[in-house]
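See structure below.
The values are calculated or read from the model by the stated rules, or taken from the named source; none is laboratory data. Small disclaimer: the values here were computed from a predicted structure and weren't measured. Cβ atoms come from the backbone with ideal geometry, glycine included; neighbour counts cover every protein chain shown. Only protein heavy atoms, including side chains, enter the accessible area calculation; ligands, DNA and RNA are left aside. Shrake-Rupley method; radii C 1.70, N 1.55, O 1.52, S 1.80 Å.
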Amino acid sequence: MLTALMFGFHERCEACAGSSDRILSPRPLLGSASSGVLAPPAVAVRAVAWLLLWEAAGLTCSPAIAFNTTPTDAGIRATCSEIILRQEVLKDGFHRDLLIKVKFGESIEDLQTCRLLIKQYIPIGLFVDPYELSSLRERNITEAVMVSENFNIEAPNYLSKESEVLIYARQDSQCIDCFQAFLPVHYRYHRPHSKDGETFIVLNNPDLLMYCDQEFPILKCWAQSEVTAPCALNSKDNCQWNNMKYKSVYKNANLQVPVGLTVHTSLVCSVTLFITILCSTLILVAVFKYGHFSLPYHNCESCLITENWKTSLQHPPCE
């Protein structure tokens, strides 16, 4: 039995020796010519001990895949530079400016043939004025266009719908590998609350679309899907943009909006009605006091006005 155990252990070690250069052959355990053969009990104990150690260390005969792992997508992406997006809301009050900055790890010289398109989703608590966007485009301040149709900028928060805006980002003059986009947004009116005099609007991060005339490593790393969108602001042609995965500095932008309280409804309505009546009365008084009224008349020397009404009707005033 001892001989069989030693022979099996020897064969197993011979098979494993060829799978990795780091695995050493245990043949010296069986003795050498200079030291002589070990006693049978000692050989059995040493053989069992080496088998247990090999099992614990995972050095038993196993496929070479344990040593040669195939590179995964995560490993490939680890070598790619990240795309970082930063979304900020500027100004105070009901009229804000949304500023979006995108930073690439690669040099902008390698991305000269690429264009960046930001697809921003506007929640129901905000709205974008399409007439304002048209004016900003004429002054070359921003390149944004509304996607949603039948959009009502006068609707309150509870009667409005979500909308979409496409913003063609521009290169940042202060950062060689950055793009930025600008979009004015406005708060909608909200229903009054019973207790809290404020509410919050969550502005989610946008979709980042990228189109390049040639292949770049960054497209292979972070492209998730393809989206059809206009190639340029004033272009009627559509391009297949790559929806890029990026790292956001902030998860979402939370905007605080002041709202009225329901306990003030009677007071607000009474004061509003009183001021309306007062201002209307003052306007009418000023008009009748300082206004000049004159009735239209005909200044025609050749026209004869007779006392007979019928005769005057037969001869109309001179023109």
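Annotations for the structure displayed:
- Per-residue packing, averaged as other Cβ atoms within 10 Å, sorts the ranges 237-250, 276-289, 148-161 into the order 237-250, 148-161, 276-289, beginning with the highest.
- Accessible surface of the stretch 124-169 [probe 1.4 Å, protein heavy atoms]: carbon and sulfur percent: 44
- Summed side-chain charge close to Ser248 - residues other than Ser248 whose Cβ falls under 13 Å, Lys, Arg +1, Asp, Glu -1: +3
- Surface exposure of the stretch 100-234, expressed per residue as accessible area with a 1.4 Å probe, stands at 54 Å².
- For Gln87, neighbours were defined as the other residues whose beta-carbon sits under 11 Å from its Cβ, and their charges (Lys and Arg +1, Asp and Glu -1) total +2.
- Residues Glu138, Glu132, sorted by accessible area with the largest first, give Glu138, Glu132 [1.4 Å probe; ligands and nucleic acids excluded].
- For the set Lys119/Lys251; Lys101/Lys220; Lys91/Lys119, the pairs lying more than 18 angstrom apart at their alpha carbons are Lys101/Lys220; Lys91/Lys119.
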